[in-house]
Amino acid sequence: MNAPFPRILLLSLLVIAGCSAAKETAIVVDKPVSTEPVTSASPPEAPTEPAPPLPPEAIPGRFDFGKMWTFDNPPTDYFQEAYDFKPDDNWFERARLGAVRFSTICSAAFVSPNGLIATNHHCGRESVTDVDEKNEQLLDEGYYARHVEDERKVKELYVEQLITIDDVTDKVYAAVSGVFGDEAQERARSDRSESIQTQLTKAAKLKDTTLTVQVVSLYNGAQYSAYTFKRYSDVRLVMAPELQVGFFGGDPDNFTYPRYNLDFAFFRAYGVDGLPLKTEHYFEWDTTGVNERDLVFIVGSPGSTSRLLTVSQLEFERDVSLPAKIALFKDRSRVLKEFIDRDRVEADKFNIRNVYFTLENSIKAWEGQLRGLKDPILMLRKGAADDTLRKRIAESDSLAKLYGAMFDDISAMQRAKRAVADQSGAFTYFGAPELTSHILLRALYGFLHDFLKVRGAPAERVNELKRDGLKVKDWPADVERAYMVARFRDLEKYLGASHPLVRGILGGRSPDSLAAELVAKSALIDSTGFAKLLEKGYLTSGDASVKLIEALAPAYLSMGQQLASFETTEKNINARLARARVSIFGKNRPPDATFTLRLSDGVVSGYTDDGTYVPAFTTLGGMIERHYEHQGREEWALPERWLNTGPEVDLTTPLNFVSTNDITGGSSGSPVLSRDLKVVGIAFDSNLQALPNEYLFRDELGRTVSVDSRAVIEALDDVYDADRIVLELTRGTFYETEEEADAAVASSK
């Protein structure tokens, strides 16, 4: 979802252009670059008057770069200073090996010696849909495997456990020796990084076929680390509550607090023998929970942050990038919501609701980030940090020679992007399946497949493109038509109705009529038709989409080529500036998030917002009250089983709590741990005040929101009668059937 330009499409356009590909990451910049050369800006004129003193809240703080610590450089002295707690190597190893990365989207943890995995409901939501069988509505009704044989395998789901971390910075930077120019240096580092990754993975698999290595760029490229992961590919759904419980409050409550949400789900990893995995390293479940001011740690894989960006880059985010993305997501979200309201069953058949929830989540997150970038205090504080770094560089002749122009170069890049921003919106996220017509996307894959085949591209590249194209799933005709209309209107909006490309595509027709014709006539409406055309030869097939994509694809690929060139250049400038920062300040500040394992410290704490104290905990009773306060609203409508609970359910049980830990997207599902590494909660969200922490970490009001471990046990035990899981969590005892677990409970009374 994050990358508007899929990696395989980028690789393909570079083949067309006769270039080698930048292979380290997918392109994530949303706007094309200027075709004019980018040069360093002229030095700013000296101010005629001294700058006014900063207000106290705008002075950079010790933890502005956050608290997402890497496991190879944990701040043990700081932990001792702040909490009188200095964990040893064994503690860090246990914390690392108990946590897992949940596919490519979330975090999770082993919570029993039998492969049981705890994560968020919203992380497992798509998996629930994937295992849904005919005439089932598991997303709405929930699922519990009462027998081990009922645990349903989720196709393509895997979890990864971090085994080792090795610094390979010197090996990567050896490739830059004698290479000049930002783009050439970035490509050299990228190619060497991928080469090292390939070599290390090959060597690791000789020892264990489940091992894989990922070379990760940290500090914007100032450091490279090789992360070795052990992958478990047989993962099965054990239990997920109803959507109305796991997403209680829906979008209105998303990123808010106080919160009342049982956002949890359980899966199980299986070994190669087809039996539940025997997990040596796991976190015990704490049934007593935490109190206000208790120290807690979150171990997870936060996706990305942007705390190393300069003010000029943040201004581009504020003025151009974020507003464009928000507008596009809102437009596509509206389309999906209208379809869901018309036919929910059909929407679930095509996974539309999960896509809709993802878009709405992104919109709310980006709007919160945008509010942060419009906060003058945040920008003043970031500007002060930039000034400090700039001054420290200038104080050293050697650093000034190497890095003195970096800030000006970055500013020049932002001006170049602004110059062409209005022309690029037509293709924003054109290659993202969640945001573009699947007919158009399949047409693009077909165009590239045939073009590269004719040009004699390597068979491996052509086949990879074909495989990726065939992964594009079918969507309802109504959504296809509406998405296509939206894309055609984007073309008109950004390029203008009189633009030759727009005139050539529409040919005097309205976007609605052209979209209706393509949906009715193109074989690309379904995957079977697309597969047949690829075998036959798409561009010579005469399909109704061919003429359209022959006009669109060159423009889109030209934009992508500009993006690729720009991205590599800016990445190298960022890396050089990051090396200057590390040489001056060292690595006592954590790097930006990279969806690799981090450790975040914090305390359980309420906060005062606009004079009102917001307590650290909510309760199960509060969730019931909220249902009745909003009767008639679907977002707060609880299932009947929750409304008919007996006196055995303790409604005073803490449900959600907030802490000062540092998280971001990707951290969802992370275990919240006590100092003795017991699970006291599962992190699932931030509050609204924490959203600007994307750029600068502040914990005065920003909070992580977690499900309390006590609420999970109370729900499993007294609402869902899931004794099989309760006993596994509380005693570590594995029972194959619910009946066996019930008997064990009865015998212990």
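Descriptive notes on the structure:
- Per residue accessible area in Å² of the range 459-540, where ligands, DNA and RNA are left out and the probe is 1.4 Å: 49 Å²
- Counting 0.36 nm for each residue step from residue 256 to residue 640 and taking away their Cα separation leaves a gain of 135.7 nm.
- When 260, 483 are compared by accessible surface with a 1.4 Å probe, the order from highest to lowest is 260, 483.
- Across the protein chains, with a 1.4 Å probe defining accessible surface, the residues 455, 125 rank 455, 125 from largest area downward.
- Entry comment: accessible area of the range 652-749 is 28 Å² per residue, from protein heavy atoms only and a probe of 1.4 Å.
- Scoring 75-85, 145-155 by mean Cβ neighbours within 10 Å over their residues and listing the highest first yields 145-155, 75-85.
- Each of the peptides 392-401, 514-523 was scored by the mean count of other Cβ atoms within 10 Å over its residues; in descending order, highest first, they stand as 514-523, 392-401.
- Cα-based shape type of the range 644-745, given that a ≥ b ≥ c are square roots of the gyration tensor eigenvalues and the cut on a/c is 1.5: prolate
- With a Förster radius of 25 Å applied to the beta-carbon distance between residue 231 and residue 166, the computed FRET efficiency rounds to 0.90.
- Using the Cβ-Cβ distance between residue 650 and residue 737 with R0 set to 30 Å, the FRET efficiency works out to roughly 0.65.
- Label-point separation, residue 613 to residue 415 (7 Å along Cα→Cβ), nm: 5.4 nm
- Seen through its C-alpha gyration tensor, with square-root eigenvalues sorted a ≥ b ≥ c, the range 543-702 comes out oblate because a/c lies at 1.5 or above while a/b is not bigger than b/c.
- Take the Cα of residue 180, step 7 Å toward its Cβ, do the same at residue 701, and the gap between the two points is 5.2 nm.
- Within the range 545-583: backbone nitrogen closer than 19 Å to the residue 516 label point (7 Å, Cα to C-beta): 545
- Within the accessible area of the chain (1.4 Å probe), percent carbon and sulfur: 50 percent
- Probe 1.4 Å, protein heavy atoms only - accessible area per residue of the range 344-452 in square angstrom: 37 Å²
- Subtracting the Cα-Cα distance of residue 509 and residue 746 from 0.36 nm times their residue separation leaves 78.1 nm of extension gain.
- Dimensions of the chain along the principal axes, based on C-alpha atoms and rounded to the nearest Å, stand at 77, 67, 57, largest first.
- Taking a straight line from the alpha carbon of residue 155, these aspartates and glutamates sit under 18 Å away, with near neighbours fewer than eight places off in the same chain left out: 126, 130, 132, 133, 136, 234, 273, 348, 468, 474.
- Prolate/oblate/rounded label for the range 280-319 (Cα gyration tensor, a/c 1.5): prolate
The values are calculated or read from the model by the stated rules, or taken from the named source; none is laboratory data. Worth saying up front: this structure is predicted, and the values here are computed from it rather than measured. Don't worry about glycine lacking a Cβ; one is built from the backbone with ideal geometry, like all the others, and counts go over all protein chains shown. When the accessible area is computed, the model is the full protein with side chains, heavy atoms only, and any ligands, DNA or RNA have been set aside. Shrake-Rupley method; radii C 1.70, N 1.55, O 1.52, S 1.80 Å.
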